[in-house]
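The values are calculated or read from the model by the stated rules, or taken from the named source; none is laboratory data. Computed from a predicted model, the values in this text were never measured in an experiment. In this analysis, Cβ positions are derived from the backbone assuming ideal geometry, glycine residues included, and neighbour counts consider all displayed protein chains.
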Amino acid sequence: MAATRTLRLRLRLPLLLIGGLGVGGLAAAKGLSHPWAPAYTAAARTSTSAPQPPRSYPDARYLIASEFLERLTQDTVAAARNLVAAALLVDPVKLPDGSSLTGFAPSTQGADLYRITYHSVDATGKPTVVSGLVAVPESGRAAGLVVYLHATTAERHNAPSDRSLEAWGVLTAFSGNEWVVALPDYLGYGVNHDPHPFALGRLNAPAGRDMIHATRELLSQLKRQADTALYVTGYSEGGGNALWLGRLLDEGQDPALRPTFITAMSGPYDITGATVHSFLQAQPAYVDNLTEKPFFIAFSAVAAAQVTGQPLSALLRPAFARETADLLPGTQADDVVEARLLGAAVADMAYLRLPDFTPEPTRLMQPDLIRAIETGDHSNPTVKLWAANDNLDWTPVAPVYLLGVIQDAVVPFAGRNYPLPAAYGGIPAPYGAGNTENAIRHLRARQLDHTRVGWMGFDGAVPGLPGAPLPTMSHDEAFVPCSILAARSFRVKGLAELPRLPDPK
């Protein structure tokens, strides 16, 4: 599949430049790689499960209602895992020692899926109602609870409780065995219509915390028992949210909420030091970056404007702000929103510099915001908000494992000066700083060694034409190997049993 991925990326760029500048012509790559999808499509055609009426719980503190959706059979999970394993056979993923990654552990049982609604708080701390998806093993005592925080989506009804493609991938990774799996929808998704605090993990974490309470109340109502082990994970935006949830639980006063293990994947842990600085730097010639950067800049600005009360036009150039307003999140699918934003960026903001079509994200942003990012000006409300959601300055008690792809062009993982393992291809990361590398530096400075905090990055690029490396694993595609290691991390006894990168110098 490395060749397949490379071919797809080669083909998409000319299609984008020739036909994609009109909004209808772009088939966007938004959404995680999903080799598991055929298994669930086939299962849906033969399913005999019938949804049941919602059940309310007026005496519960967090849980409001639950609705049984369907039984996910052991055979379906096994088929999905086999599809992932087959993809890895065709396209092996290399580890730092030169060995290749294998697939998931065998599934041992199915799971019952429930959509729940529960009490939580909005970005200001006021009470609100949110929703999520819970998978309960079909038999026996559960060996613990996995809470997963999902990646970014523009579509309000593309959340876990809507059984998104990402949710099926999460169930492939973590369901089918002994774990209960809880997937919060977040603020702004599912039943909730509050603004979504995009990539602001401190503000998203309470939805995860309160879903843990609601899920345990559901288990009690179902007369099911689960061990107290609590595993926290998530991908992309959800990786940042997961690390914040882990911190919220780890630093909290409730012993019943102590995390057992925290595995965050491809997240923006250092928003001000790595993520938004990547908006200002020379951009790599990777198609996923070119198409997705306007989307992430727009969503970051929308969330900051909503939380701080600033007008969106104070953050984005007026034409781009007009296109962005009321889109995020909304009713339109991810690929449609991404295409609209890219079209506006190119047509109105000259986002692509000629003649080499290099993206220039700074053309989408207001000069005052650019200066505030460059200087770290915390008097700027947006930079102050982002800094409050950086997650570097804490000392976790639970083991922490941070995963991603080294050459990630969307959410920077490592900096370009990080020396790659000898088994990797030698193509450096595209930006000057990375979220995960910076997190490791800060945590090591707190005397947390590799038995307390670990990190693992996959090699995502190979040599191509002179000066033009070819990406072999995009930000979205890295979900598959990251989720395999996340599931493994929850089964082993410690970080020493997991693959890891050498620490930065």
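What strands (runs of 3 or more DSSP E), lying completely within region 106-162, carry at least 1 residues that are over 23 Å from the mean Cα position of the chain (by Cα) and on the phi < 0 side of the Ramachandran plot?
Of the strands (runs of 3 or more DSSP E) lying wholly inside region 106-162, those with at least 1 residues that are over 23 Å from the mean Cα position of the chain (by Cα) and on the phi < 0 side of the Ramachandran plot span 111-121, 127-137.
For region 270-287, give me each residue that is farther than 16 Å from Thr362 by Cβ and over 21 Å from the mean Cα position of the chain (by Cα). Show your work before the answer.
Within region 270-287, the first condition is being farther than 16 Å from Thr362 by Cβ, and the residues that meet it are 270-274, 285-287.
Scanning region 270-287 gives a single hit, Ala285.
Run Ile297 past the list (1) within 21 Å of Ala123 (Cα to Cα); (2) surrounded by fewer than 20 Cβ atoms within 10 Å (Cβ to Cβ); (3) not acidic (Asp, Glu) and report the number of the one that doesn't hold.
(2)
Among the helices (runs of 4 or more DSSP H) lying completely within region 191-292, list those that include at least 3 residues that are among the aliphatic types (A, V, I, L, M).
Working: elements: 201-221, 237-250, 277-280.
Hits in region 191-292: 201-221, 237-250.
Looking only at residues in region 22-37 that are within 14 Å of Arg163 (Cα to Cα) and of a type outside the set (A, V, I, L, M, F, W, C), which one is modelled with the lowest pLDDT?
Gly31
Is it the case that region 443-455 has a residue that's crowded, with 16+ Cβ neighbours inside 10 Å and either over 21 Å from Asp250 (Cα atoms) or within 19 Å of the chain's Cα centre (by Cα) (or both)?
yes
So which residues in region 205-241 are within 15 Å of the chain's Cα centre (by Cα) and of a type in the set (A, V, I, L, M, F, W, C), if there are any at all?
Hits for region 205-241 are Ala205, Val232.
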